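The values are calculated or read from the model by the stated rules, or taken from the named source; none is laboratory data. Bear in mind that the values here come from a model prediction, so they are computed numbers and not experimental data. Please note: Cβ atoms are built from the backbone with ideal geometry, for glycine as well, and neighbour counts cover all protein chains shown. Heavy atoms of the whole protein, side chains included, go into the accessibility calculation; ligands, DNA and RNA do not. Shrake-Rupley method; radii C 1.70, N 1.55, O 1.52, S 1.80 Å.
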Amino acid sequence: MSYLLFFYILLLFSFPLCSCLKNSDTIKCYKINQIYLYLLVIIFFLGFRGYVFSDWYWYWLYFKGTPSLRECSIIQLITNYSRRWEPGLLVCMSFVKIFTDSYEAFQVINFITNVFLFYIFIKDFKEDNLNLYLIVCFFLVYKGMQQEINILRNEKSILLFAISLKYIDRKQYIKYILLNLLGAIFHTSAFIYIAIMPFLKMRIPRKFFLCLIILGTGIYIINFPFLTLVLGLPIFGKFGRVAYLISLYSGGATRGLSFGFLERLFSSIIVFIYYDKILEKNTKYRKYINLFIFYMLVTFFCSELAVVYDRFSALFCISYWIIYPLIYSILSREKKYVFLIMFFLYGSLVMYEYDKLPNQRYDNLLFPHASMEERIEANKQVEKMFSK
């Protein structure tokens with residue numbers, strides 16, 4: 001099964017195929033089976049994935065060197081084995097090793113835990129008639145699948161942040177902060193979520209949003225070193241050294257009319273068009289518009305440095321997962337068909353790209369698959385490709 005087939009199956013089962021059924025009990029049974037089938041496909045494909053992408057190797061080494069909680073206390077574990085990573089994933093690995101020393105088993109358990117967290121996040125959108133299955137599809141297409149496979153620490157903190165967002169609307173700010181402090185145990189980038197809380201509550205004028213997009217587009221196209229210039233200002237003091245390093249390491253970076261840029265520009269235009277209608281649906285979606293703005297600020301203004309672009313944009317891509325299904329819910333039937341065709345084409349391209357690199361080609365642990373040694377060699381091939 002390739003990434004493309006996985007995407008097609010999930011997209012197909014994202015819609016009510018029971019419209020031809022008339023018996024209410026039969027429809028209810030179908031919908032329940034639809035949920036189980038969806039979960040089965042996702043867990044089979046992502047939970048039981050082989051040694052795909054690149055970072056599995058480092059997580060495997062980390063798991064191999066982590067003792068079981070039967071052998072030491074949590075305090076001893078964090079003190080002696082935390083090393084350069086945050087302790088959250090370390091404790092999870094150590095707990096799983098009480099029952100098994102298999103990294104593959106840990107991978108499955110970790111993924112099922114993420115599925116549970118993701119469900120807690122999306123279940124609240126059912127009351128607004130958002131298609132929860134479509135949210136899953138957008139999650140997978142917009143960085144979610146890559147996060148699930150390749151950045152295990154970040155994914156936990158991102159999902160905990162997603163869950164915490166509802167507490168802003170309820171003005172339960174302590175719960176919001178506590179959940180993101182828990183996320184910081186998995187990845188320190190979660191502290192950013194605490195820092196941006198006041199901005200998530202703001203109503204940003206539609207015209208100001210448009211100005212940011214126009215300015216960001218111009219900066220991106222002319223390759224203006226915005227991040228280097230800002231961090232080089234005297235007010236940032238020691239960050240001047242950071243600015244120098246950015247200019248040094250981003251010298252070979254290329255920007256311009258890439259497919260990713262065109263997608264972001266298109267998405268910005270769509271959000272601008274439906275800006276007011278999104279807020280009319282429910283004011284709680286203001287947070288997701290603001291997260292979308294943060295995403296565009298990072299991708300347009302900070303793209304001169306790949307590590308900033310990749311790591312920080314991943315923190316805010318949650319906006320895509322909700323905004324697009326929300327827009328779909330308010331479209332007319334004819335426009336919904338156009339929407340789905342465009343998403344089908346874009347999603348197909350994203351999934352096709354995943355299969356192009358030898359270390360990302362999909363295989364499954366339940367079937368004959370590439371060994372660790374073969375995948376390590378594939379990682380080396382990819383490193384050589386990008387070092388040329």
Going toward the positive end of the dipole of the chain, with +1 on Lys and Arg Cβ and -1 on Asp and Glu Cβ, which of Gln172, Thr299, Ser82 do you reach last?
-> Gln172
Radius ratio Rg over Rh of the chain, counting only Cα atoms, Kirkwood formula for Rh = 0.96
Have a look at Tyr354, Leu132, Leu210 and report the one farthest towards the positive end of the charge dipole of the chain, computed about the Cα centre with Cβ charges (Lys/Arg +1, Asp/Glu -1).
-> Leu210
Calculated FRET value between Glu127 and Gln76, using beta carbons and R₀ = 45 Å, to 0.05 = 0.50
Gyration tensor (Cα) of the range 21-172, equivalent ellipsoid semi-axes in angstrom | 33, 19, 15
Charged-residue dipole, Cβ positions (Lys, Arg, Asp, Glu), the chain about Cα centre, Debye nearest 20 = 1100 debye
Candidates Met202, Met145, Met93: whichever shows maximal mean-square fluctuation once the chain is modelled as a Gaussian network with Cα springs under 10 Å = Met202
Area projected by the alpha carbon convex hull of the range 154-201, averaged over all directions, nm² = 2.7 nm²
Considering Cα pairs under 8 angstrom that are at least six residues apart, work out the relative contact order of the chain and quote it in whole percent.
-> 23 percent
Restraint check, Lys64/Lys156; Lys175/Lys277; Lys126/Lys207; Lys126/Lys166; Lys207/Lys277; Lys207/Lys335, Cα-Cα greater than 19 Å = Lys64/Lys156; Lys175/Lys277; Lys126/Lys207; Lys207/Lys335
Lys201: accessible area at probe 1.4 Å, nearest 10 Å²?
-> 80 Å²
Going by the alpha-carbon gyration tensor, a ≥ b ≥ c the square roots of its eigenvalues, is the range 122-183 rounded (a/c under 1.5) or, if a/c is not under 1.5, prolate (a/b greater than b/c) versus oblate?
-> oblate
Working with all protein chains in place, sort Asp169, Asp101 by solvent-accessible area computed with a 1.4 Å probe, largest first.
-> Asp101, Asp169
Compute the Rg/Rh shape ratio of the range 264-313: radius of gyration over Kirkwood radius, all on alpha-carbon atoms.
-> 1.06
